[in-house]
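Worksheet: the structure to be examined is printed underneath.
The values are calculated or read from the model by the stated rules, or taken from the named source; none is laboratory data. Note that the structure is a prediction, hence the values are computed from the model and not measured. Don't worry about glycine lacking a Cβ; one is built from the backbone with ideal geometry, like all the others, and counts go over all protein chains shown.
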Amino acid sequence: MVRLCLWWMLAWSAIAFAVCGWDKRCARKGRWRVPERVLWGLSAVGGAAGMLLGMGTFRHKTRHLAFMWGVPLLLLAQLAAVAFLTARQ
């Protein structure tokens, strides 16, 4: 179960990282942007690590306090859930 959760988080983190990079590229070129609710959704379903890494790598959403606090909190919650599942085994 723990492995499945870790693979899940890894997959969604890769997607979140890529979408964060894509959104930053679109922002620079003045193109259509990814809605913030999509970025939040990707973070919430397990991609918080990738979103946080993308925020740092692409310097994206770093002025938004909700993202600067919310994404790390989501990551902590996800890691706590994995730790809880690990402790139960």
Condition check: touching a residue at least 40 places away in the same chain (Cβ under 8 Å) and surrounded by 15 or more Cβ atoms within 10 Å (Cβ to Cβ). Does Ala49 satisfy that? yes
Tabulated pairs, the stretch 63-75, first among the aromatic types (Phe, Trp, Tyr), second buried (at least 16 other Cβ atoms within 10 Å of the Cβ), C-beta under 7 angstrom, 6+ apart or interchain: Phe67/Met55; Phe67/Lys61
Going by the conditions given, is Ala49 part of a helix (DSSP H, G or I) and farther than 12 Å from Leu75 by Cα? no
Where the second residue is of a type in the set (A, V, I, L, M) and part of a helix (DSSP H, G or I) and the first is in contact (Cβ under 8 Å) with a residue 12 or more places away in the chain and lies in the stretch 2-17, which pairs have Cβ atoms under 6 Å and are six or more apart or on separate chains? Val2/Leu85; Cys5/Val82; Trp12/Val45; Ser13/Ala49; Ala16/Leu42; Ala16/Met51; Phe17/Leu53
Please work out which one of (1) closer than 22 Å to Trp8 by Cβ; (2) outside any helix (DSSP H, G or I); (3) in contact (Cβ under 8 Å) with a residue 40 or more places away in the chain is the condition Val34 fails and give its number. (3)
For the list (1) surrounded by 13 or more Cβ atoms within 10 Å (Cβ to Cβ); (2) modelled with pLDDT of 95 or more, I need the number of the one condition that Lys61 fails. (2)
Applying the selection to the stretch 71-89, what residues are surrounded by 13 or more Cβ atoms within 10 Å (Cβ to Cβ) and out of contact with any Cys (no Cβ under 9 Å at 6 or more places or on another chain)? Val71, Pro72, Leu74, Leu75, Leu79
Among the residues of the stretch 35-79, which ones are on the phi < 0 side of the Ramachandran plot and small (Gly, Ala, Ser)? Gly41, Ser43, Ala44, Gly47, Ala48, Ala49, Gly50, Gly54, Gly56, Ala66, Gly70, Ala77
Would it be correct to say that Gly21 is crowded, with 17+ Cβ neighbours inside 10 Å, touching a residue at least 24 places away in the same chain (Cβ under 8 Å) and assigned to a helix (DSSP H, G or I)? no
In the stretch 17-39, residues that are within 11 Å of Met51 (Cα to Cα) and either more than 17 Å from the chain's Cα centre (by Cα) or of a type in the set (Phe, Trp, Tyr) (or both) total 1
